[in-house]
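As structure tokens, the structure follows; a few thoughts come after it.
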Amino acid sequence: MTAAGIYIHVPFCLRKCPYCDFYSVKYDADTAEKYVGAVCRNIAAFGGRNVTADTVYFGGGTPSLLTPAQISRILDTVYKNINLISPEITLEANPSSLTAEKLRGYRSAGVNRLSVGFQSADDSQLRFLGRLHDTARAENAVLEAHAAGFDNISCDLILGSEGQNVGSLDRTIDRLLGLPISHISAYMLKIEQGTPFDCDDIRRRAADEETLCQLYEYMCGRLSAAGFEHYEISNFALADRRSRHNMKYWQVEPYIGIGAAAHSDFGGVRYFCPPDVSAFVAAETQPVEIEDAAPDRFEECVMLGARISDGFELSRLTALGGEQRTRDLLKRAAPLAAAGFLAVTSERIALTERAFLLSNEIISRLL
């Protein structure tokens, strides 16, 4: 059986970033403590189900608002109730909420991978993004993490801030490559409906689509030259430093989500916990709503597998959807391969790097 991933949503922020549409509420120490208790209670509910996992991911929100003792309690509960094998344990962290002492505590608790919300090495861009840290604090956070024993550190980078151009991006990449990191997640700024950024003023100030493409292509070249594998549309890693947990999503492997707004794909069903901290804390076990009781795994393998450089295996598609469905897909793939957008072998199909920016259009043509 494929080992599952455990995702724990920590929906607390000191201040919500104006571009973010992930579910979070303002941090309150008392509520956070009750929330941790509910997380542990829900993990314990899997104790009799003989679940095996090899990744744990604390996402948010701002998981680094939880204390090392709280993270330790959660991980102790995971170890007691789930068969955790050689795990990758990731904690997302905001530089403004990290200290050297907390980092040592997280490492002692068992966290072995840190994902730092670096975003930019230009302070004016950080202010535009509403971040609470400046460049110096972000760099110090990474260095303090490395000193605390973290040798697997990822940094987030946002493309498209006001005033960003190839020159400023180049300087940010220089600063990142000068740090002891092994992974970079780079995202194009997207104006999400209902966020504070959802207004004409921000649309005028943010990078346009042409500039975004230029920045993305330049970044891909720089990171490739520095030895970072472009293994997923938005992710780059040094050797053996891919995010094992996120690969589960793209390879359509099972994962269990714990917490308000957490999604799961487990037991053949996609489901989620509603985004309501109070309801999550009050319930003996988290309320869930079914997202898809019978997912089309053939379609999912194409849609998600196309995001990674490995692509998707034809033998798996055949097992999931039958030979005729696979043959039909190969027919649709042929002209895209001839145009240089797909690499097709007898074993798998993968997007070429030049096709990553066109992934949505290519996936729609394949399906």
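The values are calculated or read from the model by the stated rules, or taken from the named source; none is laboratory data. From a predicted model like this one, the values you see are computed outputs, not experimental measurements. With ideal geometry, Cβ positions are generated from the backbone for all residues, glycine too; neighbour counts draw on all protein chains shown.
Brief remarks on what is shown
- For the range 211-236, the tally of residues that are free of Cβ contacts under 8 Å to residues at least 60 places away in the same chain and in a strand (DSSP E or B) stands at 2.
- Qualifying residue in the range 318-334 (condition: under 19 Å from K248 (Cα atoms), modelled with pLDDT of 95 or more and not aliphatic (A, V, I, L, M)): no
- Filter result for A100 (surrounded by fewer than 20 Cβ atoms within 10 Å (Cβ to Cβ) and either without any contact (Cβ under 8 Å) to a residue 40 or more places away in the chain or charged (D, E, K, R) (or both)): no
- Cβ-Cβ under 9 Å pairs, at least 6 apart or on other chains, the range 38-59 side more than 19 Å from C273 (Cβ to Cβ), far side modelled with pLDDT under 95 and not in a strand (DSSP E or B): T52/M1; T52/T2
- Strands (runs of 3 or more DSSP E) completely within the range 252-339 that count 1 or more residues being free of Cβ contacts under 8 Å to residues at least 60 places away in the same chain: 263-266, 269-272, 289-292
- Per this entry, R49 is counted among residues that are basic (K, R) and either at positive phi or at pLDDT below 95 (or both).
- Scanning the range 232-249 for residues that are within 15 Å of the chain's Cα centre (by Cα), farther than 16 Å from V56 by Cβ and either of a type in the set (G, A, S) or not assigned by TED's automatic domain parsing to the domain that holds T77 (or both) yields S234, A237.
- Cβ pairs under 7 Å, 6+ apart, first in the range 129-147 and without any contact (Cβ under 8 Å) to a residue 40 or more places away in the chain and in the same structural domain as A207 (by TED's automatic domain parsing), second among the polar types (S, T, N, Q) and in a helix (DSSP H, G or I): H133/S96
- Meets criteria (assigned by TED's automatic domain parsing to the domain that holds D28 and at pLDDT 95 or above) for E229: yes
- Any hit, the range 191-210, residues being assigned to a helix (DSSP H, G or I) and hydrophobic (A, V, I, L, M, F, W, C): yes
- Matching residues, the range 23-49, being under 19 Å from R270 (Cα atoms) and surrounded by fewer than 16 Cβ atoms within 10 Å (Cβ to Cβ): A45, R49
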